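Working notes, structure below.
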Amino acid sequence: MENNLLQLIEKWKKETKTDDQVFEYERMLRFLYEKEILKKLPKKYYDIDLINVPEKIKDFVTRKDKNKKLFIHGAVGTGKTYLAYGIKALMEVSANKLNIDDFVFINIPELLLEPASLDIKKYYQTRNKRKVIVLDDLSVEKQSEWNIHRLYVLINGIYENDHFLIITSNSNPQQLSERVGDRITSRILENSTIIKTEGKDKRIL
């Protein structure tokens with residue numbers, strides 16, 4: 001861990017990061033490992049690599065990047081949900097003073113399988129006290145008009161209340177617009193940092 005941190009600091013210095021930002025990310029990582037924050041995550045995410053995450057994520061969690069939304073997209077199995085859980089862990093030890101109760105993870109395919117009787121507005125209202133909302137696996141396929149309406153109600157509530165929002169999706173921005181429409185897509189992408197994950201499906205390597 002110590003060697004990895006030293007390598008990270010040297011790497012960031014070469015990229016002309018400020019000393020304050022280097023120190024903040026190092027502090028976050030040390031605290032995260034000392035307090036075993038990763039043990040609060042689902043077991044399969046304990047081994048997430050937080051040294052080699054994309055620079056945009058480091059900027060987001062240290063708040064150099066002032067955007068409050070992250071849109072993480074890429075092919076199946078390229079680590080999008082891993083990154084989302086890693087961001088959650090990092091934000092718990094950031095200067096934002098967040099804790100585990102400030103986060104809610106919503107798996108979109110599971111939500112859309114809920115009965116039509118589920119009131120999405122009430123569903124959101126029971127969660128709107130959370131500061132960070134993660135929408136996992138958005139727009140795997142083209143949605144029905146009814147599901148698009150349900151998504152709109154949820155995302156518009158998040159949009160109007162200015163939560164931190166992290167979204168993972170197999171769809172790139174253009175595909176997202178085709179599958180869920182422009183109203184939803186514009187609310188997601190406005191002032192959003194976009195990250196594309198690369199590589200082969202890690203689940204079958």
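Derivation of every value follows stated rules applied to the coordinates shown; laboratory data play no part. On a predicted model such as this, the values are computed, not experimentally measured, just so you know. Cβ coordinates were reconstructed from backbone atoms using ideal geometry, including for glycine residues, and neighbour counts include every protein chain displayed.
Observations on the structure shown:
- Among 116-125, 168-177, the order from most to least packed when residues are scored by Cβ within 10 Å on average: 168-177, 116-125
- Derived scalar couplings ³J(HN,Hα) [the stretch 105-120; Karplus, 6.51 cos²θ - 1.76 cosθ + 1.60; whole Hz; x for Gly, Pro]: 9, 10, 7, 5, x, 5, 4, 6, 8, 5, x, 4, 6, 5, 7, 5
- Working note: Karplus 6.51/-1.76/1.60 with θ = phi - 60° gives the stretch 54-68 the couplings x, 4, 4, 6, 4, 5, 5, 6, 8, 6, 5, 8, 7, 4, 9 Hz, where Gly and Pro are set to x.
- Cut-off 16 Å, label 7 Å out along Cα→Cβ of Ala75, residues of the stretch 166-181 by amide N: 169-172
- Spin-label model distance (nm) - Lys66 vs Glu34, 7 Å beyond Cα toward Cβ: 3.1 nm
- Pair Arg27, Lys196: separation of 7 Å Cα→Cβ label points (nm): 3.5 nm
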